[in-house]
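Worksheet: one structure, shown below.
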Amino acid sequence: MARHAEIAQGSVRAVERALDILLAFKPHDDGLSVAELLDRVDLSRPTLYRLLQTLQAKHFVTSSEHPKRFRLGPAVAQLAYAWSSALDLAAVAEPMMRRLWDKTSETIALFVRDAAIKVCVAEVPSAQALSFKRGVGYRESLALGASGKAILAYLPHAQLGELQSEAKKLAPVLAQIRERGFAVSKGELIQGAVAVAAPLFDGSGEVVGSLGLFGPSVRLLDNQIETFARLLIHEARDISQVLGKAKGSTVRRP
């Protein structure tokens, strides 16, 4: 019995070590040598080689060149495709949106980017008598409103397309958004309305959408905006982590 327990424990440890090797690969790595992998995982060289052979046999890593450099293999892509195909952003973000709604009592909305447009894919309307909402399916230019600018601020130049001139005009505003981590608009699309939004990122560090909060200017004074912005940033980071962005990893900037 004790022998079986030892074998089972050893098998679990081997799985943990193999996963540590896979997680050692970061975006933009152009392959990793054995020496580089040893710097990132706490393994002996023989154990690393043994696990790399197993991972290669199952197509989780591939190797090429001399000296050898290891890269993630097609089995990882297969898992990523299965995961992303089943991912529903609105469902993923629902707990974070509800937490925000509970803490702020304001309208909370989730936006995704569609080329030069932002699209509302989920919304939790405020229950207060004086409130603002856009509605699921609402579409507007990324250059307008906090929820759009929170996305536009992080778009690479190559993806700006028709928004090149708008981004140039808004350069100081977009730089401030990147510095603060959130966007604010006051009466830009609806008179008397204030919007606050934080960007959402995927596993590659690319901006994919924004999480926004909407309320009347009589309630959303400057000190309240700062408080809500911190809450938004926190929940947006949680959504981004579910989308694959690792804690502390960098985001793509223009």
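A short reminder: the numbers here are calculations on the coordinates, not readings from a lab. Keep in mind that this is a model prediction, so the values were computed, not measured. FYI the Cβ positions are ideal-geometry reconstructions off the backbone, even for glycines, and counts take in every protein chain you see.
Descriptive notes on the structure:
- Extending 7 Å from Cα along the Cβ direction at D88 and again at A158 yields two label points whose distance is 3.4 nm.
- Shape category assigned to the chain from the gyration tensor of Cα positions, a/c cut at 1.5: prolate
- Cβ-Cβ FRET estimate between L144 and E179, R0 fixed at 22 Å, reported to 0.05: 0.60
- Extension gain (nm, one decimal) between L79 and T47, 0.36 nm per residue minus Cα-Cα: 9.0 nm
- Rounded to the nearest 0.05, the FRET efficiency derived from the C-beta distance between R230 and K133 at R0 = 25 Å is 0.65.
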